[in-house]
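Structure record follows, encoded as structure tokens.
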Amino acid sequence: MTDPAYDLVIRGGTVATASDVMEADVAIRGEEVVAIGRDLGPGRREIDAGGKLVLPGGVDPHCHVEQLSANGLLNADTFESATTAAAFGGTTTIISFAAQHVGMRLKTVVADYHALAERGAVVDYAFHMILADPTEETLTIDLPELVGTGHATVKIFMTYDRLRVDDEKLLDVLWAARQNRAFVCVHAENHGMISWMGKRLLEKGFTAPRYHAMSHPRASEAEAFDRLAAAARMLDQPVMVFHVSTKEGAAAIRRARGEGIKVFAETCPQYLFMTASDLDKPGLEGAKWMCSPPQREASDQEAIWRALELGDLQVVSSDHAPYRLDATGKFSSGANPTFKGIANGMPGVELRLPLLFDAMVSKGRLGLRKFVELTATNPARIYNLPGKGSIAVGGDADIAIWDPDREVLIEDGFTHDLSGYTPYAGRSVRGWPETVIGRGRILVEDGALRAEPGSGRFLARDAGEAARPLGTPSPEIALLLG
Ligand code: URP
Ligand code: ZN
Ligand code: ZN
């Protein structure tokens, strides 16, 4: 008997990419997809995908994993737990953070996060480098070296006391990125407005988690987006705006893009499926839903959906930032903290795709191809992850086989991260990724993890097209460029 032509054939499913939906078999040899078509030859192993959807594995480009916060708090997950959660939720690639804090040497920070990921990751990964201390050494020695070894993106903060860069430092980072072909992602909120509002709320005794939402005035988002866009235009350096939460923010992105500024933007499920009222719970329970920026109103959700439809926003990431509901996490500053003392962030890497599948595919909002585009194809393209984010001959065999009819009730204890809760408990979704494959390896099958910790691979990358300047700097910048 001759050897089967393929290692694995996924037979008879409905294959979807961002551009096509077709009935086809998918054949895999080694780590790659090698054929897509009808009646393909036999595989060493075959999966019957009749009645199932065969989709690209998700790409989640915004995950905080095993990361030290500015307050010295380690978040709840390890690379093993976070990437296990990712795999169970149909995500086969993440981009997490290597977080520099003031005084730290960037190249040491990046090496440390590599060691953690190499030990634990079960899905493939890349890093954004958080620059909290963009010194001369960071920008002129470490950054060029690290870009050269495949670390093409940085993240900066315009708020948070111990992380933020002021306007001049923001320009320093954009300038260094322009000269080294890096891509800059930004947490953009007006620091002064948040700080001013927070102090006044506390003075009045408004300390509960629900006041966290009010402490981030809506205007703080659009103002920072406009300022960032002005800086991006001045230097002719593209940027990615993280976690858009308000309609004014979405409008600011649209305006910037309309003016020809190369601005990309993402949002997250918490801004599509939650509102500020989720924080309004007895006692400190609202801490479970605290994240920055905070959830807003139903009208913001609508505006963000529209911005996704129009392409003003191109990506839905999770902003997975898990903290336990105890002294190691949310309540590290004491048993009775004000909203300012509670860690920001919530788990989300596992439920990002099921929540969006339910809304977009099962309930029909924007549809299957757009679901694939926002959650896999666009993040892979914008962050330049070749072979990821689609199902294509020659691409990585990163595939999630979805049962579109499976109803799942989400409860605490259901997800695989280590936060110990899910902010989506009590919700039901229709559609679930049952078998998940990463580079041809079965990651999840029959409700069990099949991959070994450490089997995920670092994805070295350059910044790609997204980071390419338009070639139209302002006259004063043209002068500096010589
Ligand atoms: O609240 C959140 N999202 N915490 C994580 C840090 C950040 O701002 O992305
Ligand atoms: Zn952020
Ligand atoms: Zn984040």
Practice problem: Quick one: which residues, 5 or more positions from Glu46 or on another chain, have an amide H under 5 Å from its amide H? H modelled 1.01 Å from N in the peptide plane, none for Pro or chain starts. | Solution: Val9
Self-check item: Net charge dipole size for region 129-258 [Lys, Arg +1 and Asp, Glu -1 on Cβ; Debye, nearest 20]
Solution: 760 debye
Practice problem: Scan region 1-108 for trypsin sites (Lys or Arg not before Pro) in coil per DSSP, keeping those whose Cβ has at most 16 other Cβ atoms within 10 Å, and list them by number. | Solution: Arg38, Arg105
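Give, rounded to the nearest 20 debye, the magnitude of the charge dipole that the chain has about its Cα centre when Lys and Arg contribute +1 at Cβ and Asp and Glu contribute -1 at Cβ.
Details: 50 positive and 64 negative charges, 160 e Å.
So the magnitude is around 760 debye.
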Self-check item: Set of lysines with alpha-carbon distance to Lys247 below 22 Å, sequence-local pairs under 8 removed
Solution: Lys262, Lys370
Quiz prompt | Dipole in debye (nearest 20) - region 368-482, about Cα centre, beta carbon charges: Lys, Arg +1; Asp, Glu -1 | solution = 380 debye
Self-check item: Sequence ranges 158-164, 409-415, ranked by mean other-Cβ count within 10 angstrom, highest first
Solution: 158-164, 409-415
Quiz item: Which of rounded, prolate, oblate describes region 88-200, given a ≥ b ≥ c as roots of the alpha-carbon gyration tensor eigenvalues and a/c under 1.5 marking rounded, otherwise prolate only if a/b is larger than b/c?
Solution: oblate
Quiz item: How many angstrom separate the Cα center of region 366-415 from the Cα center of region 190-226?
Solution: 35 Å
Quiz prompt | Candidate lysines for bridging to Lys330, where Cα separation is under 17 Å - those fewer than 8 sequence places away on the same chain excluded | solution = Lys281, Lys288, Lys340
Self-check item: Distribution of pairwise C-alpha distances over the chain, 10 Å bins, in %
Solution: 4, 21, 31, 27, 13, 4, 1, 0, 0
Quiz item: Can you give the angle from 0 to 90° between the axis of helix 167-180 and the longest principal axis of the chain, with both taken from C-alpha atoms, to the nearest 10?
Solution: 40 degrees
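Highest mean first, how do 83-96, 393-406, 259-272, 311-324 rank when packing is the count of other Cβ atoms within 10 Å averaged over residues? Working shown, then result.
On the way: 83-96: 29.6, 393-406: 20.7, 259-272: 22.3, 311-324: 24.9.
Those peptides, ordered most packed to least, come out 83-96, 311-324, 259-272, 393-406.
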Quiz item: Once you list every other residue whose beta carbon is under 14 Å from the beta carbon of Met290, what net charge do they have if Lys and Arg are +1 and Asp and Glu are -1?
Solution: +3
Quiz item: If packing is taken as the mean number of other Cβ atoms within 10 Å per residue, what is the order of 421-434, 230-243, highest first?
Solution: 230-243, 421-434
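No value in this document is a laboratory result; all are computed from the given coordinates. Everything numeric in this text was worked out from a predicted model, so none of it was measured. Cβ atoms come from the backbone with ideal geometry, glycine included; neighbour counts cover every protein chain shown.
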